[in-house]
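Everything below concerns the one structure shown next.
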Amino acid sequence: MPQLTDDAAAALAEAYLSDPQRHTSQDVVRADRLVRQTATILATISRYVSTSSQEEAKAEFPFVLDPSGEPNGPAGMNKKDGELFYYARIALASVERLFDLIVSVHEVPARNYDPMAFVVAAVVTALAHEYSHGLYGHKEKVETNISGSRFLEELDADRRGGVGSLCLFVDRELRRMMGDFFNLKDPMDFLEAAMVGHSLLAFWLAGGREDLYAGPTMRCFMYYDGLRSIALRERFADLSQINLARTNADRIVVKIAKFVEGGDRLIKIREDHLAAETGYKKTFKKNLYKRTDETVAASPFWIAFSGRSQATWDDDNERHGIVIRQPTLRELRADGVKVPFKASLLETICRLVCRWR
Ligand SMILES: [Zn+2]
């Protein structure tokens, strides 16, 4: 199965944008640009995943960028029975729908990056959610006696969605695109923008099937929990920086909500974050990990990616299939990024030695 090239993604964006059936945003000029840019970003991510799936698990994992104006659902993931063939799908219509929610937001208060970065963060989180169903064995039909296992898998996929959103800033090529397209260049700006994007996604997805999906507050928290966990693990930021980004995201959401229809609910999603954290730990966390143990054991990706048995997965449970290319300090500086946070040279060398392949 061929990979999605940038040219093919551009052609699909063109096909979508010329479909007269599509829901047209109130700002067609900005929507047009955003759809094309997001298509390039998604194609880039999809090539990482399909390459690593092929190399490390001998599995096909193509990506379908759906150009139909009236798609059958915003996103999805499936597997061919009995074969190592998985595919993830995102409808380009989702990009425009998400954009339309914040179409009246023309700037981010006290920032100089483009609010369309929120939409990209939301879409990439949704894509990472879909990928994780395949990568973490949710499609292997593993028997269980844990009740509500499908619900727990969705919750886990939400968390992995948040993990995956970090690839937008840690991967060099993606980071350059975020800078060129949206002027998003600072690691702290990226963290807060990703969190606002998570809120936007949860807001948009609210009202789905209650037997499968948690409410928007919990979903938003799960995205955040995943992002926090990978950011700490990758030493992208420390806890105080993550908390600061969270506070900044709260403030930004309050300010932009005035321009969003039903914006009060968007604010509420963030206000209830701490309650969601308590609720998650008390109600779901234990069974979620139990269920993940079961599905991960059946995943061809996990064993291949980690090279370890299931018994040790707890140490390594944040490994995500979106391959995050570690930039070197020199590359970061060459890109004009103030070398982030506490990345000392020694730390970077250790990371390269331990994780580079
Ligand atoms: Zn799902």
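The numbers here are math on the coordinates, done by the rules we state, and not lab data. Note that the coordinates shown come from a computational prediction; the quantities given were computed from them, not determined experimentally. Backbone-built Cβ (ideal geometry, glycine too); neighbour counts: all protein chains shown.
Numbers at a glance
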item: FRET efficiency for residue 264 and residue 211, using Cβ-Cβ distance with R0 set to 35 Å, rounded to 0.05; result: 0.85
item: Between the range 45-123 and the range 235-249, the Cα center-to-center distance that results, in Å; result: 25 Å
item: Fewest-first sequence of 288, 266 by Cβ atoms within 10 Å of each Cβ; result: 288, 266
item: Under the Karplus curve 6.51 cos²θ - 1.76 cosθ + 1.60, θ = phi - 60°, whole-Hz ³J(HN,Hα) for the range 86-91, x wherever Gly or Pro sits; result: 10, 8, 10, 9, 10, 8
item: Relative contact order, percent, the range 92-325 [alpha-carbon distance under 8 Å, six or more residues apart]; result: 31 percent
item: The range 12-78: trypsin sites (Lys or Arg not before Pro) in DSSP coil with no more than 14 other Cβ atoms inside 10 Å; result: 58
item: Kirkwood Rh, angstrom, the range 92-325 [1 / mean 1/r, Cα pairs]; result: 17.9 Å
item: Loop trypsin sites (Lys or Arg not before Pro), the range 185-246, which have at most 11 other Cβ atoms in a 10 Å radius of their Cβ (DSSP); result: 209
item: Above-threshold pairs, the threshold being 28 Å between Cα atoms, out of 80/185; 185/286; 255/285; 268/290; 58/281; 139/281; result: 80/185; 185/286; 255/285; 268/290; 58/281
item: Förster-model FRET efficiency, 30 Å R0, residue 281 and residue 51, C-beta, rounded to 0.05; result: 0.25
item: Residues 24, 278 arranged by fewest to most Cβ contacts within 10 Å; result: 278, 24
item: In Hz, Karplus ³J(HN,Hα) per residue of the range 35-40 (6.51, -1.76, 1.60; θ = phi - 60°; x = Gly, Pro); result: 4, 5, 5, 5, 4, 5
item: Derived scalar couplings ³J(HN,Hα) [the range 57-72; Karplus, 6.51 cos²θ - 1.76 cosθ + 1.60; whole Hz; x for Gly, Pro]; result: 10, 6, 10, 8, 9, x, 10, 10, 9, 7, x, 6, x, 10, x, 8
item: Computed label-point distance, nm, for sites residue 145 and residue 14 using a 7 Å Cα→Cβ extension; result: 5.9 nm
item: Cut-off under 5 Å, modelled amide H: who pairs with residue 64 long-range; result: 88, 89, 90
item: Diffusion coefficient, µm² s⁻¹, Stokes-Einstein with Kirkwood Rh over alpha-carbon pairs of the range 1-128 at 20 °C and 1.002 mPa s; result: 140 µm²/s
item: Lys/Arg +1, Asp/Glu -1 at C-beta; the range 198-302 dipole; positive extreme among 283, 216, 296; result: 283
item: Order of 242, 45 - criterion: other Cβ atoms within 10 Å of each residue's Cβ, fewest first; result: 242, 45
item: Dipole moment magnitude, nearest 20 debye, the range 92-325 about Cα centre, only Lys, Arg, Asp, Glu C-beta charged; result: 260 debye
item: The range 150-239 - percent relative contact order, Cα under 8 Å, separation 6 or more; result: 46 percent
